[in-house]
Amino acid sequence: MPTLGLVVVSLHPVPAEFDRAAESIRAVEFRSDLRVQEIRPPEDLAPNSLALAADVSPGQLEGDSHFGTGRFIMLHDLSEPEAWRGQFRVVCFAQAPLETDIGADAMLPDVAWSWLMDALEEEQADYDFASGTVTVVNSKGFGELTEQGEGSQIEMRASWSPQSDDLAPHVAAWSTLLCMLSGLPPVDSKEVPAIRHIARNHGRG
């Protein structure tokens, strides 16, 4: 599996803790159907930060992914902001299209959140103070957009505070969640059901 090579972007002297965290992310190997790259992190969130973008791409499809997309942002502040209750905070995002019957399931947000918690536990990620939202959007085209038909989309935004500078398990858990939301079961488990997705670009353009 490909290994991600990163260039850390920082406007401040890089603390050793952040350096070690970045090195742990550099060592993560991703499954072949997940394209991951470093992007410029949002400004002014923390003295030091690192951001990843990912697209689910079965068969190594080129261009924008219609299966799922996500972001992972690692923030670091030696002053330990009160809201973080530590030096590190992870902020992540995952989004995927769904079949409409799955999007109508009232239990879907609970299932998706449990997948993130299970992935963090499975990877033995050391963290506290997790929070987040899961949003399911159902849409139907009308008028000139009638031919788009019906569609559903799931979106998760989550954050938590890593309790060590080993960020590899956190990145691995995020990538597992994104693949599962996109309809791909974990590589090492065929017993976990995956949410059914639709491989089309609904509601754009």
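Readers should treat all values here as calculations from the given coordinates under stated rules, not as data from a laboratory. Values in this document were obtained by computation on a predicted structure and should not be read as measured data. Every residue, glycine among them, receives a Cβ derived from its backbone with ideal geometry; neighbour counts consider all protein chains shown.
For GluC sites (Glu not before Pro), no site in region 99-140 is both called loop by DSSP and has at most 14 other Cβ atoms within 10 Å. The slack in the chain from Glu29 to Lys140, taken as 0.36 nm per residue of separation less the alpha-carbon distance, amounts to 36.1 nm. Taking 0.36 nm per residue of sequence separation and removing the Cα-Cα distance, the Glu122/Arg20 pair yields an extension gain of 34.5 nm. Structural descriptor for region 6-155: relative contact order 16 percent, calculated from alpha carbon pairs under 8 angstrom and at least 6 residues apart.
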